[in-house]
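Participant: Questions regarding the structure given below will be posed in turn.
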Amino acid sequence: MRTELIDKKAVEATVKVTVPAAQVDAAFEEVLADLARRVRVPGFRPGRVPRGVLLKRIGEGALAEEVKEKLIDATFEAAIKEHDLLPISTHFHAHDPVRGQDYSYEVHSELYPEVTLPDLSTLKVEAQGRELTEEMVEQAIEDLRRDNATLVPVDRPVEPTDWVLIEARSLPAEGAEGEGEETPASTYPVDLELAHEELVTQVVGMAMGEERVVTLTDETDPDESGAPRVRRMSVKLVDVKAKEKPVPGEELATQLGMESWDAVVERVRSSLAEELRREAYEARRSELIDKLVAGSTVELPPGLVRRRQQTLLENLVEDLQQRGETFQSYLARLDARGKREEFERELIETAERGVKRDLVLEKLMEVRGTQLSDDELTDALRFLAAQRRQDVGSFVRDMGERWVANYRFMLTRDKAVRELLAELTGEADAGAGSEDLVAAAEASLEAEDEAHDHDHDHDHDHDHDHDHGHEGHEH
C-alpha cells in the first residue's frame, strides 16, 4: 500500500491511498468466498454455488461495491496513522475497484485542531463569594416557620400571606372573547407568600366563592411583536386558609426532630454557609473557564460546529413541542418580527462557543495529565444512584457503558479545572466531595447546553460525544 498526503490544512487533510493489484484480487476472492457462504441460491448448498451463478445472482456492481468497502476498511486507518493525523471524521472519494489493477481512493478527514492555551500561571480569579449575614439566617428561619405552618380555615377576604385554593380557566385574549373553545377549569393550591406578585395583587381581597378575571404576563412566550404575551384567566376562590406559623423555640425544634433550638439555628447557619461556599466556588470556576476560553486560540472544525448546531435545533424543536408549538410556526414568528437572521447568527455563535469551550477544556485536561480514579468515579456514580434510589450496578446498567464513559470524561475534565482553580487561588480543592463532583459535572454539562436565548427561553445541546473516530463512508 502506498499513501500520499496531497493536502493538509489546520483542521482538514486529504490522503491518497493506493492498494496494489495483488491485494485487490485477494479482496475479490475473499468477498466471493464470503458471499458464497451467505447467499442462498435455490438448488445449491451454501458454499457450493458455481461462481458464474453466484455472480449472476448478486451482480458485478454489488460485488465491486463490497470489495471497495473491504479495501477501504482494511487500509484507511493505517494511511491516516502513517501521516500522524488525528481525525474527528472521515469520508471518501472512491470508485469501484477492477480485478488486476491497482486501486486508488482519497480519504478526506476533518482533523482534531491544535489548541493553544494561555499561560496558566498568569490567570487571575477574582470572583468573591457572599458573606453570611444575620438577615440570611433570619430569612431561612422564617422559611422554616412557613414550611411548618398549620393551615387554619378563615372567613374573611384573602390576605397576602394566605394559602388559597383557586379554580382557574383560560380566557381568549382581549378583544377575542368569542374566538376559540372554552378551556376546562383546573384547581390549583397557591401559597401567596411564594406566588408571583402579579397574581397576588389581583387575588388579595377576594371572598370565598368570588370569581375574577386576572391577567398574567408570560415573559417566556412573546407575541408577534416580541412583547411578553398577556394571558387572561377566570379565577374563582374555592378555599382560603391562614397560616399559623410556629414560634421559634424548643417546640419548633422538636417538630423538626432536633434536640434544641440552638441546634436548629446552628444547622441553618451551616447549611447557608455550605450553600454560599458552593455558590462562590461555582462563580470562581465559571470565571476561570471563561478566561481559559477567551485566552485560547483554536481553529474550529466546521463539522463539530455543524453537529452542535444540529443538536441545538433538535433541542429547540423538543422544547417547542412541549409548549404546543411547531418549529415552522416558530420560524414564522421570527420572520414576522424580522428576527430570522438574528436567530441564525446566534445559533452559529452559540455552537461555536460550545465547541471552543469543549476543545479548550479537553486540552487543559491533556496538558495537566488529569486522571480520574476508579474510586472517584464509583463515588460519583453511587451518589447519583442514591438520588434515584438505585444501587450502583442497576444504575450503570440502566445508563449504559457509553453514558458512563462520557460521564467519566466529564468528571475528569472538571477535575482538571478544579485542580487548576485550587492552585491559582491557593485554596484547598473546594469541589472534591462526591456531591461536589456530581454538581460540578452537571454544571459543566449545563454550560455546554448553554442557553441560546433567541426568545430568552431555550436551553440546548445535551449530546457531547468524545469518540473522535471514523464516522462512516461517503463515496
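The values are calculated or read from the model by the stated rules, or taken from the named source; none is laboratory data. All values derive from a computational prediction rather than experimental measurement. Cβ atoms come from the backbone with ideal geometry, glycine included; neighbour counts cover every protein chain shown. Calculation scope for accessible area: heavy atoms of the full protein, side chains included, ligands and nucleic acids excluded. Shrake-Rupley method; radii C 1.70, N 1.55, O 1.52, S 1.80 Å.
Participant: Using a Debye calculation, one point per C-alpha and no hydration shell, please list log10 I(q)/I(0) for region 1-116 at q = 0.10, 0.19, 0.20 Å⁻¹ in order.
Facilitator: Evaluating at q = 0.10, 0.19, 0.20 Å⁻¹ gives log10 I(q)/I(0) of -0.39, -0.93, -0.99.
Participant: Okay, moving on. Apply the Karplus parameterisation 6.51 cos²θ - 1.76 cosθ + 1.60, with θ equal to phi minus 60°, to every residue of region 69-77 and state each ³J(HN,Hα) to the nearest whole Hz, in sequence, with x for glycine and proline.
Facilitator: Computed from phi, the couplings for region 69-77 are 4, 5, 5, 5, 4, 7, 10, 5, 5 Hz.
Participant: Still on this structure, I have one more. Please state the charge dipole magnitude for region 274-428, taken about the Cα centre, from unit charges on C-beta atoms (+1 on K and R, -1 on D and E), reported in debye and rounded to the nearest 20.
Facilitator: That gives a dipole near 260 debye.
Participant: Let me ask another. Treat every Asp and Glu Cβ in the chain as -1 and every Lys and Arg Cβ as +1, leave all other atoms uncharged, and give the resulting dipole magnitude about the Cα centre to the nearest 20 debye.
Facilitator: 2500
Participant: Can I ask one more? Any idea what the relative contact order of region 89-241 is, in percent, if you count C-alpha pairs under 8 Å spaced at least 6 apart?
Facilitator: Averaging sequence separation for qualifying contacts and normalising by length gives 23 percent for region 89-241.
Participant: Suppose the chain between A207 and V152 were pulled fully straight at 0.36 nm per residue; how much longer would it get relative to their current alpha carbon spacing?
Facilitator: 18.2 nm
Participant: For region 200-287, which semi-axes, largest first and in whole Å, follow from the square roots of 5 times the eigenvalues of its Cα gyration tensor?
Facilitator: Working: eigenvalues 308, 170, 10 Å².
Sorted largest first and rounded, they come to 39, 29, 7 Å.
Participant: What are the ³J(HN,Hα) couplings of region 208-217, residue after residue, when phi is run through the Karplus curve with 6.51, -1.76, 1.60 and θ = phi - 60°? Round to Hz, x for glycine and proline.
Facilitator: Couplings: 3, x, 6, 10, 9, 9, 10, 10, 10, 8 Hz.
Participant: What is the spin-label model distance, in nm, from A10 to R382 if the labels are put 7 Å beyond Cα along the C-beta direction?
Facilitator: 4.6
Participant: Kindly list the residues of region 3-30 that lie in the label zone of E299, defined by a backbone N under 18 Å from the point 7 Å along the Cα-to-C-beta vector.
Facilitator: Output list for this probe position: 5-15.
Participant: I would also like to ask the following. R397 versus E30, label points 7 Å from Cα toward the beta carbon: distance in nm?
Facilitator: Result for the modelled spin labels: 3.8 nm.
Participant: Please tell me the relative contact order of region 257-396 in percent, rounded to the nearest whole number, where contacts are Cα pairs under 8 Å and at least six residues apart. Don't skip to the end; give the middle numbers.
Facilitator: Values: 42 pairs, mean separation 33.3, N = 140.
Relative contact order comes out at 24 percent.
Participant: At q = 0.10, 0.11 Å⁻¹, what base-10 log of I(q)/I(0) does the Debye formula yield for region 163-319 when every alpha carbon is treated as an equal point scatterer in vacuo?
Facilitator: Debye intensities relative to I(0), on a log10 scale: -0.80, -0.89.
Participant: Arrange the residues K68, K241, K16 by how much accessible surface each exposes, largest first, with a 1.4 angstrom probe.
Facilitator: The residues order as K16, K241, K68, largest area first.
Participant: Given contacts defined as C-alpha pairs under 8 Å and at least six residues apart, what's the relative contact order of region 329-423, whole-number percent?
Facilitator: Once divided by the residue count of region 329-423, the mean separation gives 34 percent.
Participant: Can you match Cα Rg over 2.2 N^0.38 Å to one of these, [x] 1.39; [y] 0.94; [z] 1.32, based on a calculation from the structure here?
Facilitator: From the options [x] 1.39; [y] 0.94; [z] 1.32, the structure gives [x].
Participant: If each residue of separation counts as 0.36 nm, what is the full-extension length gain between A127 and Q101 once their alpha-carbon separation is subtracted?
Facilitator: Taking 0.36 nm per residue and subtracting the Cα distance, the gain is 2.7 nm.
Participant: Sticking with this one: What do you get for trypsin sites (Lys or Arg not before Pro) in region 309-369 restricted to DSSP loop and a cutoff of at most 14 other Cβ within 10 Å of the site's Cβ?
Facilitator: Hits after loop and neighbour filter: R323.
Participant: Pull up all non-local amide H partners of L111: gap of 5 or more, or a different chain, and H-to-H distance under 5 Å with H placed in the peptide plane.
Facilitator: Close amide H contacts, sequence-distant or interchain: E12, A13, I88.
Participant: Please work out how much accessible surface F44 shows to a 1.4 Å probe, ignoring ligands, DNA and RNA, in Å² rounded to 10.
Facilitator: Solvent-accessible area, nearest 10 Å²: 80 Å².
Participant: Holding the Cα-Cα limit at 22 Å, pick out from K16/K70; K16/K68; K81/K356; K356/K415; K16/K56 the pairs that are longer than that.
Facilitator: Distance filter (> 22 Å) returns K81/K356; K16/K56.
Participant: Which one, I72, P42, T18, projects farthest toward the positive side of the charge dipole computed for region 1-105 from Cβ point charges (K/R +1, D/E -1)?
Facilitator: P42
Participant: Ok, one more. Full-extension gain between L216 and R232, please, as 0.36 nm times their residue separation minus the C-alpha to C-alpha distance.
Facilitator: On the way: separation 16, 0.36 × 16 = 5.76 nm, distance 0.65 nm.
Stretched out fully, the L216 to R232 stretch lengthens by 5.1 nm.
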